[in-house]
Amino acid sequence: MHCVPRFCQKASDILERLCLTGAGALLIINLLDVMLGVFGRFYRPPMWTTDLARITLVWMVMLAAAPALKRGEHMVIRIVVDRLPRTPRLLITVLRRLVFAGILLFMVVYGYNYAHKLHMFTIMTLGIKKSIPLMSIPVGMGLMLVQYALQQGIPAHGEDDAGKEDHA
């Protein structure tokens, strides 16, 4: 019986480490790129630094969104829900979880379709397809969806479902 929560916890931890490692690497690339752009202005700045900074920033944020979700660092307003009786609170919690997962799934599908539509266009300064930065949305939302699903399989410590910390 305890193998599902253990699997979810381990998979969640691995996903968090992978996402944070990728986001950290992109942060380093972004910082080096911005410094090159700033110091390059004294001589002849490369044209591609601004585009690379934008792309790495977007990808970094989208990769870090799943670990932020796991840690409960996304904004949540629960003042009204916490004051409700147990049954309505459980109903709203389930509804909120379904809506959140639905929004993430919608963003994965819609983001992928949008990126796919623009795959023929190129970012001239970098020579890469425009779909590469746009794929950060479906990838990031997909990672958040996986992390959210894994979090649902991990029981809260010593709390019932009504008092369980919901990170959406």
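Only the coordinates and a few stated rules stand behind these numbers; no lab work does. Predicted, not measured: the structure shown is a model, and the values here were computed from it. Reconstructed Cβ throughout: ideal geometry from the backbone, glycine too, with neighbour counts over all protein chains shown.
Per-residue Karplus couplings for region 147-155, computed as 6.51 cos²θ - 1.76 cosθ + 1.60 with θ equal to phi - 60°, are listed in order as 4, 5, 4, 5, 5, 5, x, 9, x Hz, Gly and Pro entered as x. Here the residues ARG71, ARG44, ARG54, ranked from fewest to most Cβ neighbours within 10 Å of their Cβ, fall in the order ARG44, ARG71, ARG54. Shape analysis of region 16-95 based on the Cα gyration tensor places the equivalent ellipsoid semi-axes at 43, 13, 9 Å, largest first. Applying the Karplus relation 6.51 cos²θ - 1.76 cosθ + 1.60 with θ = phi - 60° to region 126-137 yields 3J(HN,Hα) values of 9, x, 10, 5, 5, 5, 5, x, 5, 6, 5, 5 Hz, where x marks Gly and Pro. Computed from Cα positions, the angle between helix 49-70 and the longest principal axis of the chain comes to roughly 10 degrees. Between CYS3 and VAL94, the modelled label-to-label distance comes to 2.8 nm, taking each label 7 Å out from Cα in the direction of the beta carbon. Its relative contact order, with pairs defined as Cα atoms under 8 Å and 6+ residues apart, puts the chain at 33 percent. The Stokes-Einstein estimate for the chain, based on a Kirkwood radius over Cα pairs and taken at 25 °C with 0.890 mPa s viscosity, is a diffusion coefficient of 135 µm²/s. Ordering HIS116, HIS2 by the number of other Cβ atoms within 10 Å of each residue's own Cβ, fewest first, gives HIS2, HIS116.
The HN-Hα couplings worked out from phi for region 12-19 by the Karplus form 6.51 cos²θ - 1.76 cosθ + 1.60 (θ = phi - 60°) are 5, 5, 5, 4, 4, 4, 4, 5 Hz, whole numbers, x standing for Gly and Pro. Put simply, the amide H of ILE128, placed in the peptide plane, has neighbours under 5 Å in ILE123, leaving out anything fewer than 5 places away on its chain. Rg over Rh for region 54-119 works out to 1.11, both radii taken from alpha-carbon positions and Rh defined as the Kirkwood radius. Computed over the chain with a Gaussian network model linking Cα atoms closer than 10 Å, the most mobile of LEU27, LEU105, LEU95 is LEU95.
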